[in-house]
Amino acid sequence: MARRINIALAHDETAPARLVREHIPDDSGIEMAEQFATFDLNADVILRMDVDVLLVACREGSPAALELVGLWHTVRSSSPVAVLSHGSDEEFVQAAFTAGADDFLVLQPGPYIPEQVGRDFEFAIRKAVTRTRHTAERGNESGSLIAVLGSKGGVGKTVAATNLGAALATRGRRTVIIDLDLQFGDVALALGLTPTTTLFDLAVSGGSLDADKLDDFMLRHPSGLRVLAAPARPDQAVSVTAQMISTIYGVLREEFDFIVVDTPPAFTAEVIATVDVATWICMVAMFDALSLKNTRLGLDTLELMGHPPDHVRVVLNRAGTNVGIASAEAVEILGRAPDLLVPSDREVPVSINDGIPIALSGSRSAAAAAIRSLADMFLANPSAEPSEPSKASPTPTRRRGWFRRKRAVAGAAELARGR
Ligand SMILES: Nc1ncnc2c1ncn2[C@@H]1O[C@H](COP(=O)(O)OP(=O)(O)OP(=O)(O)O)[C@@H](O)[C@H]1O
Ligand SMILES: [Mg+2]
């Protein structure tokens with residue numbers, strides 16, 4: 001069966017939604033998901049639309065329609081836009097393509113629309129969607145998979161993964177997040193979503209896995225981010241196998257620009273299957289000696305698994321906390337410089353409790369800014385060298401207990417080196 005396509009329609013009074021709908025065959029798998037009787041849409045509305053293509057149905061020569069085409073083309077260059085009008089005046093057709101239209105279709109007056117016209121419309125819409133997808137994929141054969149790892153519980157993996165996913169989606173990238181913390185996953189809750197369908201429901205649904213089926217089991221976040229939620233109960237986790245996860249990745253890579261994977265604090269079979277195919281690893285560590293030591297071991301393990309170190313990004317969370325470790329010591333334990341420092345801030349747990357990713361809030365705090373910039377690390381050129389840490393490294397204050405902590409730090413560095 002042909003892939004389902006969701007369209008948004010923006011139209012004026014000369015091209016009502018009813019007329020446009022008549023041009024699209026009922027059995028085409030093309031559905032009108034959003035409808036606007038205006039061309040006055042802003043970038044924010046455009047970014048939040050969960051659709052594959054925009055149809056702009058207008059009278060010939062409409063400057064407002066062309067303005068919308070231009071805005072769509074700028075904001076969502078990976079999704080096509082087609083202009084539908086009552087005639088094919090050469091000047092207007094040319095102006096539509098100049099504005100960024102991917103196709104131009106001529107509307108019939110109605111009410112009866114010949115079947116062949118409907119088939120032509122279906123073909124043109126499918127062609128526009130397919131062509132744009134292939135163009136987007138040429139520079140990036142298939143979607144990038146980012147595995148968010150951390151070798152201890154509570155270091156901030158879920159905060160990082162959910163914010164990264166939401167930030168990528170709001171920046172117009174087709175993004176899905178998968179919660180691989182199969183027993184205690186809380187990605188859906190962190191995003192303020194009710195997990196009505198989960199990976200467990202998918203696992204027990206039977207039949208083969210294809211894009212449409214996966215789509216039915218995804219939750220939808222207002223940012224455009226899709227979510228494959230963890231099972232609701234720990235005993236359901238066994239139904240989700242590493243093999244099933246690998247199959248899911250294969251399908252999602254065809255459909256999405258980014259697949260973000262949140263993980264439990266252990267190298268489970270599913271996590272290993274994920275690392276095997278990951279484009280990027282986002283390693284989250286906390287600013288304490290034990291977390292840093294475990295992170296170093298995790299980084300070494302990744303290297304042993306054959307994952308290239310230049311495709312690993314290290315996020316040092318709660319970096320503003322003064323716990324008696326200087327940044328130089330942190331680097332010594334880790335064996336490399338972190339790529340991003342995220343300070344400790346009570347806004348972070350508040351955002352989790354509210355179910356609103358802090359990256360999407362208007363907050364100007366240093367923590368929000370750092371978390372927002374997570375996405376930049378993966379939107380930049382993949383072959384580029386790791387960027388400089390975005391925040392100044394915290395300076396320790398010497399006070400009581402410093403020497404004891406210092407010994408723990410030195411021990412951690414030694415331990416990490418010795419392995
Ligand atoms: N920078 C920060 N400042 C303050 N609190 C933070 C920060 N980062 C994370 N937290 C808080 O720490 C707690 C643990 O974060 P999170 O759930 O993301 O960790 P995790 O690594 O996913 O844990 P688990 O392994 O248990 O799944 C949460 O309550 C979160 O709000
Ligand atoms: Mg977590």
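Here is a list: 170, 130, 196, 162. Which entry is of a type in the set (S, T, N, Q) and within 16 Å of ligand 2 (Cβ to nearest atom)?
162
Only one of (1) away from ligand 2 (no atom under 15 Å from the Cβ); (2) surrounded by 19 or more Cβ atoms within 10 Å (Cβ to Cβ); (3) acidic (Asp, Glu) is not met by residue 179, so which one is it?
(1)
Yes/no per residue for (1) of a type outside the set (D, E, K, R); (2) more than 20 Å from residue 153 (Cα to Cα):
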site	(1), (2)
300	no, no
306	yes, yes
314	yes, no
354	no, yes
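Name the single residue, out of those in region 230-256 being within 25 Å of residue 152 (Cα to Cα) and part of a loop (DSSP other than H, G, I, E, B), that is farthest from ligand 1 (Cβ to nearest atom).
Here the residue is 241.
As an exercise: evaluate residue 272 against (1) within 22 Å of residue 160 (Cα to Cα); (2) surrounded by 14 or more Cβ atoms within 10 Å (Cβ to Cβ); (3) hydrophobic (A, V, I, L, M, F, W, C) and give the number of the one condition it does not meet.
(2)
Out of curiosity, is residue 285 away from ligand 2 (no atom under 16 Å from the Cβ), within 26 Å of residue 189 (Cα to Cα), buried (at least 19 other Cβ atoms within 10 Å of the Cβ) and of a type in the set (A, V, I, L, M)?
no
With the requirement that a residue be more than 16 Å from ligand 2 (Cβ to nearest atom) and of a type in the set (Gly, Ala, Ser), what does region 239-266 give you?
Within region 239-266, 239, 242, 246, 250 qualify.
Restricting attention to region 257-264, does a residue exist that is away from ligand 1 (no atom under 16 Å from the Cβ), modelled with pLDDT of 95 or more and aliphatic (A, V, I, L, M)?
Yes, region 257-264 contains at least one residue that is away from ligand 1 (no atom under 16 Å from the Cβ), modelled with pLDDT of 95 or more and aliphatic (A, V, I, L, M).
Restricting attention to region 349-366, and to residues there that are under 27 Å from residue 144 (Cα atoms) and out of contact with any helix residue (DSSP H, G or I) (no Cβ under 6 Å at 6 or more places or on another chain), which single residue is nearest to ligand 2 (Cβ to nearest atom)?
Only one residue fits best here, namely 355.
Of all the residues that make up region 196-227, how many are surrounded by fewer than 21 Cβ atoms within 10 Å (Cβ to Cβ), out of contact with any helix residue (DSSP H, G or I) (no Cβ under 7 Å at 6 or more places or on another chain) and either in the same structural domain as residue 47 (by TED's automatic domain parsing) or outside any loop (DSSP other than H, G, I, E, B) (or both)?
Of the residues in region 196-227, 6 are surrounded by fewer than 21 Cβ atoms within 10 Å (Cβ to Cβ), out of contact with any helix residue (DSSP H, G or I) (no Cβ under 7 Å at 6 or more places or on another chain) and either in the same structural domain as residue 47 (by TED's automatic domain parsing) or outside any loop (DSSP other than H, G, I, E, B) (or both).
Considering (1) of a type outside the set (Asp, Glu); (2) within 16 Å of ligand 1 (Cβ to nearest atom); (3) modelled with pLDDT of 95 or more, say which one residue 200 fails and leave the rest.
The one condition residue 200 does not meet is (2).
What pairs come out if I take residues in region 327-347 that are of a type in the set (Val, Ile, Thr) and pair them with residues that are surrounded by fewer than 20 Cβ atoms within 10 Å (Cβ to Cβ) whose C-beta lies under 6 Å away, six or more apart or interchain?
331/337
Take the conditions more than 13 Å from residue 378 (Cβ to Cβ) and touching a His at 6+ places or on another chain (Cβ under 8 Å) and apply them to residue 275. Does it pass?
yes
Can you go through 279, 295, 263 and tell me which one is farther than 22 Å from residue 166 by Cα and not acidic (Asp, Glu)?
Criteria check complete, one pass: 295.
Which numbered condition trips up residue 172, out of (1) over 30 Å from residue 289 (Cα atoms); (2) at pLDDT below 95; (3) within 16 Å of ligand 1 (Cβ to nearest atom)?
So the condition that residue 172 fails would be (3).
For region 129-158, what are the residues that are modelled with pLDDT of 80 or more and more than 16 Å from ligand 1 (Cβ to nearest atom)?
Across region 129-158, the qualifying residues are 129, 142, 143, 144, 145.
Would you mind stating whether residue 185 is within 16 Å of ligand 1 (Cβ to nearest atom) and assigned to a loop (DSSP other than H, G, I, E, B)?
Answer is yes for this residue.
List every residue pair whose Cβ atoms sit under 9 Å apart, with the two residues 6 or more apart in sequence or on different chains, where the first one lies in region 284-303 and is within 19 Å of residue 371 (Cα to Cα) and the second, anywhere, is more than 16 Å from ligand 2 (Cβ to nearest atom) and among the small types (Gly, Ala, Ser).
These pairs meet every condition: 285/330; 286/319; 287/319; 287/320; 287/330; 287/344.
When the residues of region 330-348 are filtered to those that are surrounded by fewer than 19 Cβ atoms within 10 Å (Cβ to Cβ) and part of a helix (DSSP H, G or I), which remaining residue is farthest from ligand 2 (Cβ to nearest atom)?
The extreme case among them is 331.
The values are calculated or read from the model by the stated rules, or taken from the named source; none is laboratory data. Everything quoted here is computed from the prediction, not taken from an experiment. As a convention, Cβ positions derive from the backbone with ideal geometry for all residues, glycine included, and neighbour counts pool all protein chains shown.
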